[in-house]
There are 2 protein chains.
Amino acid sequence: MLSLSQTTVSRALNGYPEVSEETRRRVMDAAKRHGYRPNPSARRLATGKAGMIGYVMPTGAAVDIDPHFVEFLSGLGDYARSHDLDLVLSPTAADEEETTYRRIVANKQVDAVYVSSPRPADRRVALLNHLGIPYIVHGRSEGLDFDYPFLDIDNEAAFHEATRLLIQLGHTRIALINGDDTQTFAIHRERGLKKALAASDLKLPVHRLISVSMTEENGYRATRRLLEHEAAPTAIICSSLIMTLGAVRAIRDLGLAIPGDISLVAHDDVFPWLKPENFSVPLSTTRSSIRAAGARVAERLAARISGLESGPRGEIWPVDLVVRGSIAGAPV
Amino acid sequence: MLSLSQTTVSRALNGYPEVSEETRRRVMDAAKRHGYRPNPSARRLATGKAGMIGYVMPTGAAVDIDPHFVEFLSGLGDYARSHDLDLVLSPTAADEEETTYRRIVANKQVDAVYVSSPRPADRRVALLNHLGIPYIVHGRSEGLDFDYPFLDIDNEAAFHEATRLLIQLGHTRIALINGDDTQTFAIHRERGLKKALAASDLKLPVHRLISVSMTEENGYRATRRLLEHEAAPTAIICSSLIMTLGAVRAIRDLGLAIPGDISLVAHDDVFPWLKPENFSVPLSTTRSSIRAAGARVAERLAARISGLESGPRGEIWPVDLVVRGSIAGAPV
DNA sequence: GATGTAAGCCAAAGCGCTTTGGATTTCTTT
DNA sequence: AAAGAAATCCAAAGCGCTTTGGCTTACATC
């Protein structure tokens with residue numbers, strides 16, 4: 001030991017001002033030399049700070065974790081790493097989410113949490129707000145009677161723009177293959193599309209709107225259903241690249257051509273392993289990196305933990321509209 | 001309070017034998033009634049048990065987390081949930097993995113860890129073995145001078161079988177589009193294929209073996225390269241469904257037919273969002289659920305934590321060979 | 001030279017549990 | 001009925017930190 005009290009060591013290491021710079025240096029030095037790291041368990045018990053950010057992960061035999069999650073995680077992890085934050089996933093049955101949130105907050109297991117896939121009037125958001133732990137929602141809820149901190153992309157504008165472009169190309173029968181419509185993002189996308197249609201006095205009949213979980217198979221089925229309808233669309237907007245794989249397969253099966261018969265636009269979350277430009281016909285997309293969102297959420301959570309950010313700050317990212325070969329003028 | 005010492009309460013709750021059954025019941029009762037849960041931070045400091053299993057997650061701008069990870073996580077989470085285990089992900093730069101492992105072990109942040117994507121002579125395995133924390137390797141290393149606990153699928157047999165079938169169908173020029181060949185799974189697959197070829201006096205020339213990271217784009221490029229070679233293969237085995245998407249696209253671009261010109265077999269990790277039977281031509285696959293593996297790893301980790309399992313037990317799962325329309329006799 | 005102030009350090013009290021080493025009571029044995 | 005064994009329970013000592021409240025020393029002030 002270097003004959004200093006525990007107190008001083010602690011203060012030196014934690015940057016408190018009541019230690020002389022020289023002492024601090026000595027302590028830091030010795031710490032580095034001996035590879036000393038304060039025991040987090042002890043520190044946690046004493047301070048209540050965990051150095052971790054939490055995520056309550058819906059789990060169950062019937063629950064499929066979204067492949068988007070891993071990309072979000074990449075971004076989150078990348079930032080977290082550089083700030084010595086660990087991430088704790090608390091797997092939870094769908095009907096016990098509230099209990100889990102209460103538990104991790106009461107036990108101070110994490111310093112902050114993030115919420116994904118929010119629904120309108122999401123109870124988790126209300127709960128977290130009530131519990132008073134730093135949090136950020138990735139996406140948005142709706143119809144809550146208070147503001148809350150979130151990071152979302154402008155889904156409505158994205159799909160509005162995409163639709164507008166298709167209309168300009170002469171399309172009047174435009175269909176939407178959306179994700180799970182209990183989630184806000186899907187609602188926003190639908191809204192954006194409908195508004196664009198309405199602006200040109202067009203409508204979205206129910207048979208031209210399909211909401212399903214985002215699998216290749218569902219994309220295929222939805223597309224067949226749309227195209228085999230008597231008033232088939234000439235353009236389809238699809239909420240995910242994975243579903244679009246199925247859409248393309250269906251279109252081909254029906255002997256139709258992209259973009260000759262059908263124009264196609266998809267939303268691209270930017271996966272490294274599946275790129276819209278590599279579709280048999282390069283895909284026009286609304287694009288926003290979900291990975292970048294993960295990093296930003298981590299950054300903001302860190303800021304909240306250290307008190308640099310507070311209040312119900314909402315952040316909405318614009319979405320790129322990237323035009324590629326999959327769209328063309330409506331067939332005559 | 002119910003006028004019992006802290007000691008007794010602790011013992012009652014933790015199932016120690018030196019409390020009368022009646023007292024235990026009383027305590028349990030009161031605990032439930034007041035929603036009392038021992039503070040994990042305190043318990044952790046006292047016992048050294050964290051109630052968490054850890055994963056050191058390679059992270060960085062250039063690091064793409066494998067989409068398989070999320071499926072594995074589904075399984076792991078599903079089991080962990082039912083046993084009140086949380087999962088902590090420690091994001092780490094590629095060159096600091098060792099430091100991170102040492103840290104989480106020294107600090108007792110987790111009770112057990114799992115290792116994924118092992119390479120031959122994997123240093124992480126050696127390290128964990130040395131550190132003496134419960135762990136399980138998902139996959140296998142090779143050339144280590146000690147045994148270790150793992151869960152792996154029989155990649156070698158799977159690819160051996162697949163190859164044998166293709167040979168029986170008359171194929172002699174069989175190519176392999178493999179994943180990253182620094183990882184053991186890829187080595188095993190290559191080995192299985194080569195052994196099957198050798199058994200029929202066939203070879204795998206270098207131009208017919210491609211190792212790349214498993215993206216759609218790489219699958220496309222690899223396939224084109226294979227098929228544009230003068231001695232093009234008549235059958236291709238592909239290490240992942242995602243790469244196979246690219247392979248199918250390349251085959252179509254070249255105006256070739258499946259299985260008329262090219263037979264195709266892929267390994268299927270069983271994603272809910274992309275199924276081999278839904279490819280334009282239903283894909284023959286070697287199949288093994290990575291999700292089930294995740295659940296099993298969690299189960300075994302839990303067993304190790306509680307001392308029910310120990311020693312270097314290796315578990316190798318057989319792989320299904322599922323024949324669908326994508327293979328046929330070699331073209332004459 | 002006495003007094004006030006700030007800087008620098010420390011002893012000890014938690015944080016909320018588990019566990020050790022007894023102490024006390026109850027039940028068997030002889 | 002005395003003694004030994006077994007069953008219950010408890011006080012207090014950690015676990016390894018942070019933080020409170022106080023004590024010393026050094027320096028500036030009058």
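The values are calculated or read from the model by the stated rules, or taken from the named source; none is laboratory data. Predicted model only: the values in this text are computed from it and were never measured. Neighbour counts run over all protein chains shown; Cβ positions are idealised from the backbone, glycine included.
Does segment B:256-269 contain any residue that is among the charged types (D, E, K, R), away from every other protein chain (no Cβ under 14 Å) and surrounded by fewer than 22 Cβ atoms within 10 Å (Cβ to Cβ)?
yes
For segment A:80-142, which strands (runs of 3 or more DSSP E) that fit wholly inside it have 3 or more residues that are away from chain B (no Cβ under 14 Å)?
Strands (runs of 3 or more DSSP E) meeting the threshold: A:135-138.
Given B:S20, B:S10, which one is near DNA strand C (Cβ under 7 Å from one of its atoms) and not assigned by TED's automatic domain parsing to the domain that holds B:L76?
Just a single option satisfies the conditions, and that option is B:S10.
Please indicate, with yes or no, whether at least one residue in segment B:46-68 is in a helix (DSSP H, G or I) and in contact with a Gly (Cβ under 8 Å, 6 or more places away or on another chain).
No, there is no match, as no residue in segment B:46-68 is in a helix (DSSP H, G or I) and in contact with a Gly (Cβ under 8 Å, 6 or more places away or on another chain).
Could we say that A:V63 is among the β-branched types (V, I, T) and either within 16 Å of DNA strand C (Cβ to nearest atom) or in contact with a Phe, Trp or Tyr (Cβ under 8 Å, 6 or more places away or on another chain) (or both) here?
no
Here are A:L13, A:L45: which of them is more than 14 Å from chain B (Cβ to nearest Cβ), within 7 Å of DNA strand D (Cβ to nearest atom) and within 22 Å of B:V105 (Cα to Cα)?
Of the residues listed, the single one that is more than 14 Å from chain B (Cβ to nearest Cβ), within 7 Å of DNA strand D (Cβ to nearest atom) and within 22 Å of B:V105 (Cα to Cα) is A:L13.
Only residues in segment A:195-224 that are in the same structural domain as A:H171 (by TED's automatic domain parsing) count as the first member; pair them with residues that are surrounded by fewer than 15 Cβ atoms within 10 Å (Cβ to Cβ), Cβ under 6 angstrom, at least 6 apart or cross-chain, and list the lot.
A:H207/A:H229
From the list A:H34, A:H68, exactly one residue is at pLDDT 80 or above, out of contact with any helix residue (DSSP H, G or I) (no Cβ under 6 Å at 6 or more places or on another chain), away from DNA strand C (no atom under 13 Å from the Cβ) and not hydroxyl-bearing (S, T, Y). Which is it? It would help to see each step written out before you state the result.
Working: A:H68 fails: out of contact with any helix residue (DSSP H, G or I) (no Cβ under 6 Å at 6 or more places or on another chain).
Only one candidate qualifies: A:H34.
Scan segment B:221-246 for residues that are within 12 Å of chain A (Cβ to nearest Cβ) and under 23 Å from the mean Cα position of the chain (by Cα) and jot them down.
B:S240, B:L241, B:I242, B:M243, B:T244, B:L245, B:G246
Look at A:G54 and say whether it is away from DNA strand C (no atom under 16 Å from the Cβ), at positive phi and within 13 Å of chain B (Cβ to nearest Cβ).
When the stated conditions are applied, A:G54 does not pass them.
Here are the criteria: (1) free of Cβ contacts under 8 Å to residues at least 24 places away in the same chain; (2) closer than 21 Å to A:V110 by Cβ. Tell me which single one B:S90 does not satisfy.
Result: B:S90 fails condition (1) only.
Under 6 Å by Cβ, and 6 or more places apart or on different chains, what pairs join a residue from segment B:38-58 that is in the same structural domain as B:T92 (by TED's automatic domain parsing) with one that is among the aromatic types (F, W, Y) and within 16 Å of DNA strand C (Cβ to nearest atom)?
Taking only residues 6 or more apart or on different chains, not a single pair turns up.
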